[in-house]
Protein chains: 2
Amino acid sequence: MQANAAVLDVDANCAALDAAAGRAAAAGARLLLTPELFPVGYAPLRLRAELDPAALPSLRQALADVARRNRIALVYSLPAVTPAGEWQITATLLDQNGDELLSYAKVHLFGPEERQAFVPAAAGPGVVDFQGVRTSLLICYDVEFPETVRAAAVRGAELLLVPTALAEGFDAVPQVLIRARALENNLTVAYANHSGTEEGCDFLGGSVIAAPDGGLMAAAGAGGELLYAELPGPGAAAPEVSYLADRRPDVYRSWGN
Amino acid sequence: MQANAAVLDVDANCAALDAAAGRAAAAGARLLLTPELFPVGYAPLRLRAELDPAALPSLRQALADVARRNRIALVYSLPAVTPAGEWQITATLLDQNGDELLSYAKVHLFGPEERQAFVPAAAGPGVVDFQGVRTSLLICYDVEFPETVRAAAVRGAELLLVPTALAEGFDAVPQVLIRARALENNLTVAYANHSGTEEGCDFLGGSVIAAPDGGLMAAAGAGGELLYAELPGPGAAAPEVSYLADRRPDVYRSWGN
């Protein structure tokens, strides 16, 4: 799902998300990936100042209802407050019953506003079985660092789902870096961005789904759009080049990388 | 320099290299990068069976003469035999006086023939000052692994020179991976390939020079060609995104990458 969010208009954003879930499920999709912080809008400083964390549990419940009602798995992204009181940017994978399968907190914050509003996490990306596909999560700037996707791949990820909030002018991220991450790790990467303007930021759109051979399975334009792709099945051909088998982790460690 | 080599016809290959060095120097180039194993041709099993290592010192001397005679720095790639008798694939950077500035031995061998003929090295890429530009070397398959280029970048590389021997069908390597390596490390990557057929292998050509913003400064077609690019000067704008400053090496180490 590529879409424009209304900053701090949770009801409007949840309604858009529910409508997209309904359309995607009707089209046969089994999972809907949505952009970074979509339910609350991408506005780090305003979120930090105006969002009441006490509202988050009921918002998460509403999002679980979206998944359950539409019988579709869902990845959404929201702020979360740790027991120590630190605000993080997180992503959550729910199954089609609304039950949580995986959560992840962003490790690489981008730019001064995110760094002022949030604290970076340190845990690596988890990997879970989603309908027979080993699936992982990263968020936005994280995926631009090859180390993060490598960590997911080494842990067995075949599918990487990435909510993002990428501004205009950064076309090389989806067109070059996302394709490289898919190819160099032999996995599928879905990268779902905002479109339009939120809190003065013009978003690129340009969401993509990149295949393990580095090709694009789907690419969005500048506006709101649902992008679809079908994963390679269990009978799919092995990758032509086995980067994961050919890498030399002990050697890299000896370099002090 | 993108060109077709004649397998085990060292005189013909050195003559082609000398002519290219003369043309490049006359065009104002200060360095000529040549493909993997170009002076002997890309034919791992035949090299191992038919190349007499005793011939290598005089060949290296002839290549130093090419640099000195044409007043141009040169990167060439040759087999080398270690004191323990192991054959490696190496690359060497000479200055315009023919003096060696840097050498590197390939860490990631590609495919069964290379692995039968050669032993992979384990040392990381070095970085040297070349006319005020911090310069490093990798070879072919090495650059497809993000860990190798990251190691060079962390050691300060601004320019990465990569002799390669890439077969037809692997267009995503220069068009996606090389651009990604340049962008994600904020450095310039030059990637020089063979063209035509050697020992039954059809090479892609498609050499590229990728800029720190992930764009292509130059790209070759399928045939022999000299590609030129001018590096960003010391007054060039800082990169828009500072990946090297924003990476979190301690966190990656905690993940056991």
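Using 1/(1 + (r/R0)^6) with R0 = 41 angstrom and r between the beta carbons of residue A:45 and residue A:155, what's the FRET efficiency to the nearest 0.05? If you can, show how the numbers build up before the last one.
Values: r = 34 Å, r/R0 = 0.83.
E between residue A:45 and residue A:155, to the nearest 0.05, is 0.75.
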### Task
Using a cut-off of under 19 Å, list every residue of the range A:111-142 whose amide N is near the label point 7 Å from the Cα of residue A:101 along the Cα-to-beta-carbon line.
A:125-140
### Accessible area of residue A:1 in the full protein assembly, 1.4 Å probe (Å², nearest 10)
20 Å²
## Note on the structure
antiparallel share of DSSP beta bridges within chain B, to nearest 5, in %, is 70 percent
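Solvent-accessible area per residue for the protein assembly as shown at a 1.4 Å probe radius, Å²?
Values: 19220 Å² over 514 residues.
Here the residues of the protein assembly as shown average 37 Å² of exposed surface.
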### Message
Counting only protein heavy atoms and a 1.4 Å probe, tell me what percentage of the range B:91-167's accessible area is made up of carbon and sulfur.
### Response
51 percent
### Summary
Among B:204, B:4, B:90, the residue whose Cα sits farthest towards the positive end of the charge dipole of chain B (+1 at Cβ of Lys and Arg, -1 at Cβ of Asp and Glu, taken about the Cα centre) is B:90
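Once you list every other residue whose beta carbon is under 11 Å from the beta carbon of residue A:3, what net charge do they have if Lys and Arg are +1 and Asp and Glu are -1? Kindly include the intermediate steps, with their values, before the conclusion.
On the way: positive: none; negative: A:198, A:225.
Charge balance near residue A:3 sits at -2.
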### Task
Report the accessible surface area buried between chains A and B, summing both sides, using a 1.4 Å probe on protein heavy atoms only, in Å² rounded to the nearest 100.
3700 Å²
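Once fully extended, how much extra length lies between residue A:201 and residue A:237, figured as 0.36 nm per residue of separation less the alpha-carbon to alpha-carbon distance?
Working: separation 36, 0.36 × 36 = 12.96 nm, distance 4.17 nm.
Gain on extension, residue A:201 to residue A:237, equals 8.8 nm.
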### Query
How far is residue A:86 from the same spot in each other copy, in nm, shortest first, if each label point sits 7 Å from Cα toward Cβ?
4.2
### Label distances, nm, residue B:9 versus same residue in remaining copies, Cβ-directed 7 Å point
7.2
#### Entry: Formal net charge of residues neighbouring residue B:169 (Cβ-Cβ distance under 9 Å; K, R +1; D, E -1)
-4
### Task
Averaging sequence separations of C-alpha pairs under 8 Å and six or more residues apart, then dividing by the length of chain B, give the relative contact order as a whole percent.
18 percent
### Query
Given a Förster radius of 51 Å and the C-beta distance between residue A:86 and residue B:131 as r, what FRET efficiency does 1/(1 + (r/R0)^6) yield to the nearest 0.05?
0.60
### Query
Hey, how many Å between the Cα centroid of the range A:72-107 and the Cα centroid of the range B:221-257?
32 Å
### Task
Restrict the search to the range A:110-206; then list the GluC sites (Glu not before Pro) that DSSP places in a loop and that have at most 14 other Cβ atoms within 10 Å of their Cβ.
A:168
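Percent antiparallel among DSSP beta bridges with both residues in the protein assembly as shown, to the nearest 5? It would help to have the intermediate numbers written out before the result.
Working: 54 of 78 bridges.
Antiparallel bridges: around 70 percent, rounded to the nearest 5.
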### Query
Any idea how far apart residue A:122 and residue A:69 come out in nm if each label point goes 7 Å out from Cα toward Cβ?
4.1 nm
### Task
Report which residues of the range A:220-257 become buried by 30 Å² or more of accessible surface when going from the isolated chain to the complete set of protein chains (1.4 Å probe; DNA, RNA and ligands ignored).
A:240, A:241, A:243, A:246, A:248, A:252, A:253, A:255, A:257
### Query
With heavy atoms of protein chains only and a 1.4 Å probe, what residues of the range B:164-203 have at least 40 Å² less accessible area in the full set of chains than alone?
B:170, B:176, B:177, B:183, B:184
#### Entry: Residues of the range A:111-142 with amide N under 16 Å of a point placed 7 Å along Cα→Cβ from residue A:54
none
## Note on the structure
Whole-Å distance linking the alpha carbon centroid of the range B:1-66 with that of the range B:109-172 is 18 Å
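The values are calculated or read from the model by the stated rules, or taken from the named source; none is laboratory data. Predicted, not measured: the structure shown is a model, and the values here were computed from it. Using ideal geometry, Cβ is built from the backbone for each residue, glycine included, and neighbour counts are taken over all protein chains shown. The accessibility values were calculated without ligands, DNA or RNA, using every heavy atom of the protein model including side chains. Shrake-Rupley method; radii C 1.70, N 1.55, O 1.52, S 1.80 Å.
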